[in-house]
Amino acid sequence: MTQSSDSVNPTGDELAAHPALGERALADALSRLVATPSANPGAQEAGMLQAVRRELADLELETEVVEFAPGRPSLGAVLAGSTDGPGLVLNGHMDTVPVGDRALWSVDPFGGEQREGAVWGRGALDMKGGLVAQIACARVLATRRDLLRGRLVLHFAAGEECGEPGTLSLLRRGFTGDVGIVTEPTDLAVATAMRGVAWNRIRIVGRATHAGTADSGRNPVDALPVLLEALGRHDKLLRARTHPLVGSAAATVTGVSCGVEHNAVPDVCEVVVDRRMIPGETPEGAGEELAAVVGEAMAHHDGLEWSLAPLHNPFKPVEIPADSPFAARVARIASEEAGRPVPIVGTPYGSDVRNLIDDAGIEAVTFGAGDVRGCHCPDEHLPISQLRIAAAVLTRVAAEVLLDR
């Protein structure tokens, strides 16, 4: 049910019952966004931005398109109140990972199909569901604009999947606040810490030749057994470094690439290492440790040159105090909406919460619908019931922070 804007201040239950937070409205909005491809790299982000603007079209918001590079647009939107007050930032990203092999999907990745109580398709979980929850929150608060103090700030960022500065560009343009929620999937838990990630490529250079005269070349594949064993030892040592919320540090080999022809000794081999960092570690320090490991392993292979270079942009690990009052508020409301105690956790993945905390000094948490284990894989989907809970939680948090009581 809804009330006119001149009625009494609504309770949390009344806000959560607004039609914009109904499962059908939320699912239909998510289907529309899934139907708009937005894979990173960013050729499709402009189309996604227009899809988001259509969802916001009937709301009186202050909006601005901010590009961190030509053709890489993010959207900032503000629902401003009538008086000065706090600012609440809701942050999400528009880009997704690519679809991959379509033959592995049982649904159209861009169909936005609704079945089995979920919306299916690339980006449904990571993280267009979060964007839909943000929009629904703004839609409900817009009906209470006369009671709004401060402002609700919405981020629809480009480039998050590759660590690019979409969110950072919005913050620098003034789309900031005092507290914030990044609406990545957390299975409705509240995350006050984030495990960072840095990707590095090890490049080993030998000398190519015909495989029939292999002895006249220098095969970089020869270095792989010793190198991979050294990286395995490095990973084991790192896993002894732990954090109570995000778990352990790690260094995982995620790619090995060698050769261009079956009958030729390759001139180059590349190994990709995914380095997960716990709070207190830095991408720079992790890179120096990795270089030392690679250097020691490669010392056994005269005649092979090697180099180490970063891939993409790293996500520095961050955290706020686990007993943060804002985190406790979000957890309390989430527990009420979910009907069960909601834990304080850390995320095993990197996200733009690092920009809110480190770059803007915002007390921020990560909270959203869905299980991260379903991200970046075929048949990605988001349960509609969780999407409704997440949208209701955002709305109630926003009401407590921004509405006069």
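The values are calculated or read from the model by the stated rules, or taken from the named source; none is laboratory data. Keep in mind that this is a model prediction, so the values were computed, not measured. Heads up, the Cβs are rebuilt from the backbone with ideal geometry, glycines too, and the neighbour counts pull from every protein chain shown.
Side notes on the structure shown:
- Yes/no for P98 being outside any helix (DSSP H, G or I) and under 15 Å from the mean Cα position of the chain (by Cα): yes
- Against the test of being outside the structural domain of E270 (by TED's automatic domain parsing), surrounded by 21 or more Cβ atoms within 10 Å (Cβ to Cβ), outside any helix (DSSP H, G or I) and out of contact with any Ser or Thr (no Cβ under 6 Å at 6 or more places or on another chain), the options L131, L188 yield a single qualifying residue, L188.
- Counting residues in the stretch 317-325 that are within 26 Å of L33 (Cβ to Cβ) and not in a loop (DSSP other than H, G, I, E, B) gives zero.
- Test: residue in the stretch 379-401 that is assigned to a strand (DSSP E or B), at pLDDT 95 or above, in contact with a strand residue (DSSP E or B) (Cβ under 8 Å, 6 or more places away or on another chain) and among the β-branched types (V, I, T): no
- Hey, D352 closer than 25 Å to H243 by Cα, of a type outside the set (F, W, Y) and in the same structural domain as L21 (by TED's automatic domain parsing) or not: yes
- Entry remark, the stretch 233-276: residues being of a type in the set (K, R) and either under 17 Å from S307 (Cβ atoms) or in the same structural domain as I344 (by TED's automatic domain parsing) (or both) number 1 in total.
- T366, sole failed condition from (1) among the hydroxyl-bearing types (S, T, Y); (2) within 25 Å of G177 (Cα to Cα); (3) more than 16 Å from the chain's Cα centre (by Cα): (3)
- Meets criteria (in the same structural domain as H210 (by TED's automatic domain parsing), without any contact (Cβ under 8 Å) to a residue 24 or more places away in the chain, more than 11 Å from I202 (Cβ to Cβ) and of a type in the set (G, A, S)) for A292: yes
- Subset of the stretch 351-367 [on the phi < 0 side of the Ramachandran plot and assigned to a loop (DSSP other than H, G, I, E, B)]: S351, D352, A360, I362, F367
- Considering residues of the stretch 304-336 that are touching a Leu at 6+ places or on another chain (Cβ under 8 Å) and surrounded by fewer than 20 Cβ atoms within 10 Å (Cβ to Cβ) only, the residue farthest from V401 (Cα to Cα): L308
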